Structures are given as structure tokens and as C-alpha cells.
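Visitor: Structure below; questions to follow.
The values are calculated or read from the model by the stated rules, or taken from the named source; none is laboratory data. Only a predicted model underlies this, so the values are computations on that prediction, with no experimental measurement involved. Methodologically, a virtual Cβ is constructed for each residue, glycine included, from the backbone with ideal geometry; neighbour enumeration extends over all protein chains shown. Please note that ligands, DNA and RNA were not included when accessible areas were found on the heavy atoms of the full protein model with its side chains. Shrake-Rupley method; radii C 1.70, N 1.55, O 1.52, S 1.80 Å.
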Amino acid sequence: MSFFLIAFLLSSPSFALAQKYIIIDPGHGGDFSGTTGYSGGSTGYYEKHANLDVAEKLRDVLKGSDFKVFMTRDADNEDFGETQPDDLQNRMELANGFAAGNNEDTVFVSIHHNSAFNTMVRGYETFFFDINEGIDPNYPPDPMQIEFSPDSKRLAYTVHRHVVEGTSLAERYIKGQDLYVNRNAQMPSVLVELGYMSNPQEEQLIKTASAQQAAANAIVKALVEYFEVFEVYDHTGEKLLTTKSKDEALNYAKAREYVRVWDKDRQTNIYNTIEYHFDVIHASQGLLDEFVTKEEAIDYAMLWKHTKVVDDRTGEVLWAFPEEDTRILNVDELSGATRIETAIEISQDLYPNGFASDKQQKAVFLVTAYQYADALSAGPLAAKYGNAPILLTKSDKINDKVINELNRLNAEKIYIIGGAVAIDQSIEAQLKDKGFSVTRVNGKNRYETNLKINELLGAVNGVFVAAGRSFPDALSASSIASSNNWSIVLTEEDKMTNSSLQYLKGKNVVIAGGTAVVSGTVQNQITNAVGSQPLRLAGETRYDTLYEILNHFKDSISSDTVLVSTGTDFPDALASSTLSVKSKAPLIIASDELEPKLADFLETYKSENNVTDLKVIGGVVPNTVTGSVKALLN
């Protein structure tokens, strides 16, 4: 009956939206057997085996629940180092790695069984790190465990009660003790000793599947109860209150400013008055930090030189050192929950009211969201067809939100880029059934598809040649090509197809990227085909190559707008090419930070253009990059 109760608790709808981590640590393992117990010397069944048996049953009960479960080991022969200290240290590094970024909503449960010289000793014990016992300078805890000590105590008392109630083990005690795994866990943690294997009667009980299952069930009940609380946090991240009462949490929060109430069970905020709207931006280092109040932001900014405080809702500079420009920069973030939804956001920014009734080309381009090859050269063709939005889809199923966007736009013509592997024929059939005119543009491979696209493009002002096996350089060229009626031709590193060489004849050619992606051999083939040496625009990195392209074509991208997207993936920047066409704006791609050359470009660009708008495309652009661009353009 208790097992079915646990199953009911874990499958209850109240858990459906949550995501909580449980790290199960079957103590010992491998060369470190733990206690051999009363009979392990003859039977070969040691503590490490009993620990793993309980841990596996605990894991199995949690399967299918809203708990995400990690095991530090799942085999008898696993250990983490040649010595016991190494084993413990490496074990906790693994566990803390599992918890990283979700520490507050993770718990660590270490499973053990005990022993004593006196074979009459028996019973159950629970241990946790208790900051109220003080800190032993010889065995200092992890700083995060100091913070989590109250939670560890609550977890320990909850587990202790349920194990005592749910098993036949006699209660010994619960205790705060500086055990290595507890004091070094970067999350709330507990260590359980599920009986004494040195006691012959208790050892026999410990080895039974029913006793192991009872212990596992009891721990699961405790975990469920532990998360059934409401926590109140202030805007600095300090936890102000933990309570089982939702009303108590809400009443407490409503009497304060800048707080949130976290439903730990459902993993969601049920009340939140915290809004980080005040950015402290450094002229060269970009975004330094975000604050809830203007006063906090200014206090922090005053610790630095060359800083300013910006309200990110309006772009208004609220405070700055005297030498700083206080011009307002409007910042717009176009970001959906997925790359598919980000493309829809771009489409809605491009055509906020849908296609005008008199628009000649009511076209939309549909490309795969997860393979770049067919999509890379589609930007210029979309530009030709009335600056058609570029929407993304999975290969086997089209998102209902994409269909809704097609209807919102009042689209009539859909161009599918790529073959049936990239976008399944069922999607084409579905679109036709909904009344759209559908044309598929594809060849037998990426290079033939590329040529089919360029054939539809017709006469062009020039051609970019870029690698067909990697996306960065073609992506860097896409916005320039789309805005200036250039095409993009894809090539293998060491050989260009005869058809592609034939297409290049009589055209102005620029190679995008270095010899590592478009070799000197290909450059010679192009020279022979067109009768002159092509210009190569390349740098040491993809971002340096982008700088060379932007700098070379700077006269054609004069605008009051700058676009920023990620350079580590293709979809967001690809879909953004339509915005470049609309505004003649440069598209900056970046990784974890703004590359120095691109920063130099923006400084020059700002001095030559009255930039008033910054559009950040996609939710993966780091705040450091956005902050740096803001600082350069403000």
C-alpha cells in the first residue's frame, strides 16, 4: 500500500509543472566497501552493496515523477579515487556539478549503513551540517553549505521523521555533524545510516528487499514534503521566510517591497514585485550589473569611472559621469522561448500589421530550424520576394504558432527551402491543404539547392563565396547580401563544383572566410573562371571575418539601427537578415563577449550614423554583449 501511495504522490497533477533535482549518493563503492557487517566476510555482501540496493529502489520510485534524479554511482565496482579522501572529494565534485545552477532546488541524499564494536547496537540515525554547532577550522564547510544549513536541517528532520515512521528501524538520534559529504555539498544535504550491519538481526533485515523498499519509500515521502513549502526572497536573493502556508507567505510578502514568493513544489513564482530595470554600464566593459532601484544602481555606478545608469525599459540614461553621452537609445529584444518562436517575433517586428493588402509579394520562406546548409543562402532570395519573412520549422512537424503567423501575415505563397529530409513532405501537404501556394526549392545536395536558389534570384550585383560545411562566414555575409542584391555560393573547402564556377562567370566575387574554409585551390579555380583575382575578406575568427565584411561594405549599411545576434548558431541571425534589408542596419554577431574589432566598428559606426535603435535578436545573446553594445552606442 505504501508503494502505491508514493506513486500517487509523485504522479499528482500538483507536481506536473515542477523541476526539482534529487542527487542520490550510494555511499562507498569499488575498493571502498564500507563496513563488512556481521557476516560480510563470509557472504561478500558489504555496506556498499546495501547502500546501492536502497539507492536504486529510491531512484526507481522517483522515476516518472517531476524530480530529476542523479546517481553518484550505479554499480558496485565504482569508486572515485585511489584513496578515501580522493574518493570523497571527487564524489562531491560530481554531485556539485549536477546541482550547479539549480542549487537552491536540489537536495543531496547520501545512503549509508552503520557498524559498531558492540554487536547489540542497532537503529537508525540522520546527520546534517548544522551551522549552529559552529565551524571547525580544521574542517571548514563549503561556503554554500553555510548558506544552506537551515535547509539541510529542515531536510534532515523531515527525512528522520518519515524513516522512523515508515520502517521497522528503531530510532537512535538525529545530529548535526561535520561529515565530509554534508559539509561540502553545495545544496541542502542529509546523510542517513539505515541501521547497523554489525548487529546480526538488523543485518538480516537490512539485506531484505522489503526493508530496502520501505526505507526508499520513506525517503521519497520526506522529499515530497520537503518541497511542499513557500519561500519568500528579497531582490538580493536572501531568503526571508520558509513556510508551509501559502497565505502566510503571501501576507508576509505583500507587507514588503521587491520580494517574490517561490512555490517550491510547483517551481514557480506565485507573487513577484522584483524587476531589474536599472543597468550599470561601463564604457568598455559593458553591463556590470542590474538593480531593482535607481538608487542602488547609482550607488554601485559611483564606485566606477566611465559608467552610466540606464533604464532598460526606455533606454534613458539616468545618471552618468560628466563625460558620458546621455542620448537615449531605444532597445528592443526580439526573443521567443525557442528559435522557432524567435523567428516569429522577427516576422512580427518586420510586419506588425501583417502584409499590406496591396503588397505584390505575399510570400514567406520556410527553412529547417536545425540544419543550416539549405537555409544559408535563402536570405537574398527572401529579400527579392518582397523581403519575405523567414520562418523556421522542425523537419517532421510544423508548429501551430508558425501556422498562426502565416495566417496573421495573410501569406499566400510559401517557399520551402530544402528537400524532404530537411522539411518533410507531410508539412508541404499540410500547407497546401490550408490553402497556401507552396513551392519547394531543392537539389540533390546542399550545393545543388544553393544553385537552385541563385537561379531564382536572377541578376545580382555580386557574389559571396563561402564554406558549405560551416555556417559562420556565410551567416556574416547573409545580411549584406540580402540588403545589396548579392547572392551566396557555397563551396567545399578544396573544390568548387563546375556548375557553381559556371555561375560565377562575369560576376563580382568576394570570398568570405580564410583559407582554412575556402582554400587557395578554390580561389585559383574562381580566378580561372571569372578571369580576375577575387577579393578575400577574412580574419582569424568568424567575428574578425564579420568585421572585414562590415567594414568593406560600410557605405551600404548606413542606418539608425544596429542588430545583434548570436554567432554560435545560425537560426536567429539568419532570420534577422530580413530586418537588415528593411533598415539597412548592420548585423553584429557575437559569442560570450563583444570582439574588440566589432567594438571598434560600432564606435566608428556610431560617429557616422545617428543610431537610435538597438534590436537584440534571440534569448541567447549574453547580457555582457548587450551591455557592451549599449555602452558603445549610447
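Visitor: Within segment 119-164, how many residues are part of a loop (DSSP other than H, G, I, E, B) and either farther than 19 Å from Glu104 by Cα or of a type in the set (A, V, I, L, M, F, W, C) (or both)?
Guide: Residues that pass the stated criteria total 13.
Visitor: Here is a follow-up. Identify the single condition in (1) under 25 Å from Gly37 (Cα atoms); (2) touching a helix residue (DSSP H, G or I) at 6+ places or on another chain (Cβ under 6 Å); (3) of a type in the set (Lys, Arg) that Arg183 does not satisfy, given that it satisfies every other one.
Guide: For Arg183, the failing item is (1).
Every residue, every condition in (1) outside any strand (DSSP E or B); (2) closer than 26 Å to Val564 by Cβ; (3) of a type in the set (S, T, N, Q), yes or no:
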{"position": "Lys432", "(1), (2), (3)": "yes, no, no"}
{"position": "Val438", "(1), (2), (3)": "no, no, no"}
{"position": "Thr449", "(1), (2), (3)": "yes, no, yes"}
{"position": "Ile453", "(1), (2), (3)": "yes, no, no"}
{"position": "Leu456", "(1), (2), (3)": "yes, no, no"}
{"position": "Ile480", "(1), (2), (3)": "yes, yes, no"}
{"position": "Ser487", "(1), (2), (3)": "no, yes, yes"}
{"position": "Ser500", "(1), (2), (3)": "yes, no, yes"}
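Visitor: Looking at Gly237, Gly195, can you tell me which residue is in contact with a strand residue (DSSP E or B) (Cβ under 9 Å, 6 or more places away or on another chain) and among the small types (Gly, Ala, Ser)?
Guide: Of Gly237, Gly195, the one residue that is in contact with a strand residue (DSSP E or B) (Cβ under 9 Å, 6 or more places away or on another chain) and among the small types (Gly, Ala, Ser) is Gly195.
Visitor: For Lys294, indicate whether it is more than 30 Å from the chain's Cα centre (by Cα), open to solvent by 80 Å² or more (accessible area, probe 1.4 Å) and at pLDDT 85 or above.
Guide: Against the criterion (more than 30 Å from the chain's Cα centre (by Cα), open to solvent by 80 Å² or more (accessible area, probe 1.4 Å) and at pLDDT 85 or above), Lys294 does not qualify.
Visitor: Can you name every residue in segment 367-390 that is open to solvent by less than 10 Å² (accessible area, probe 1.4 Å), closer than 20 Å to Arg446 by Cβ and in contact with a Ser or Thr (Cβ under 8 Å, 6 or more places away or on another chain)?
Guide: Scanning segment 367-390 gives Val367, Thr368, Ala369, Ala375, Leu376, Ser377, Gly379, Pro380, Ala382, Ile390.
Visitor: Could you tell me which numbered condition Lys394 fails, if it satisfies all but one of (1) closer than 20 Å to Glu428 by Cβ; (2) surrounded by 17 or more Cβ atoms within 10 Å (Cβ to Cβ)?
Guide: With respect to (1) closer than 20 Å to Glu428 by Cβ; (2) surrounded by 17 or more Cβ atoms within 10 Å (Cβ to Cβ), Lys394 is out only on (2).
Visitor: Listed residues Thr242, Thr236; which is in a loop (DSSP other than H, G, I, E, B) and under 31 Å from the mean Cα position of the chain (by Cα)?
Guide: Answer to the check: Thr236.
Visitor: Let me ask something else about it. List the residue pairs whose Cβ atoms are under 6 Å apart, where the first residue sits in segment 196-224 and is more than 14 Å from Val121 (Cβ to Cβ), the second is open to solvent by 30 Å² or more (accessible area, probe 1.4 Å) and aliphatic (A, V, I, L, M), and the two are 6 or more positions apart or on different chains.
Guide: Ala211/Leu205; Val224/Leu9
Visitor: Please work out which one of (1) touching a residue at least 12 places away in the same chain (Cβ under 8 Å); (2) out of contact with any Asp or Glu (no Cβ under 9 Å at 6 or more places or on another chain); (3) surrounded by fewer than 16 Cβ atoms within 10 Å (Cβ to Cβ) is the condition Asn77 fails and give its number.
Guide: Among (1) touching a residue at least 12 places away in the same chain (Cβ under 8 Å); (2) out of contact with any Asp or Glu (no Cβ under 9 Å at 6 or more places or on another chain); (3) surrounded by fewer than 16 Cβ atoms within 10 Å (Cβ to Cβ), the lone unmet condition for Asn77 is (2).
Visitor: Which numbered condition trips up Arg256, out of (1) among the basic types (Lys, Arg); (2) open to solvent by 60 Å² or more (accessible area, probe 1.4 Å); (3) touching a Lys or Arg at 6+ places or on another chain (Cβ under 9 Å)?
Guide: Every listed condition holds for Arg256 apart from (3).
Visitor: Can you go through Asn118, Asn182 and tell me which one is crowded, with 22+ Cβ neighbours inside 10 Å and on the phi < 0 side of the Ramachandran plot?
Guide: Sole residue among the options that is crowded, with 22+ Cβ neighbours inside 10 Å and on the phi < 0 side of the Ramachandran plot: Asn182.
Visitor: Right, Val518: under 16 Å from Gly462 (Cα atoms), at pLDDT 90 or above and open to solvent by less than 10 Å² (accessible area, probe 1.4 Å) or not?
Guide: no
Visitor: If you check every pair at least six apart or on different chains, which have Cβ atoms under 7 Å apart with a residue in segment 518-532 that is without any contact (Cβ under 8 Å) to a residue 12 or more places away in the chain first and a residue that is surrounded by 17 or more Cβ atoms within 10 Å (Cβ to Cβ) second?
Guide: From residues that are without any contact (Cβ under 8 Å) to a residue 12 or more places away in the chain, the pairs are Thr527/Pro534.
Visitor: Out of segment 464-499, which residues are more than 14 Å from Gly513 (Cβ to Cβ), free of Cβ contacts under 8 Å to residues at least 60 places away in the same chain and either crowded, with 17+ Cβ neighbours inside 10 Å or of a type outside the set (Lys, Arg) (or both)?
Guide: Listed by number, the residues that qualify are Thr497, Asn498, Ser499.
Visitor: Check whether at least one residue in segment 608-623 is of a type in the set (D, E, K, R), farther than 15 Å from Asp332 by Cα, modelled with pLDDT of 85 or more and more than 29 Å from the chain's Cα centre (by Cα), and report yes or no.
Guide: Checked against the condition, which is being of a type in the set (D, E, K, R), farther than 15 Å from Asp332 by Cα, modelled with pLDDT of 85 or more and more than 29 Å from the chain's Cα centre (by Cα), segment 608-623 yields no hits at all.
Visitor: Still on this model: If you take the residues of segment 549-571 that are within 30 Å of Ile340 (Cβ to Cβ) and of a type in the set (Gly, Ala, Ser), which of them is surrounded by the fewest Cβ atoms within 10 Å (Cβ to Cβ)?
Guide: Taking the candidates together, the pick is Ser559.
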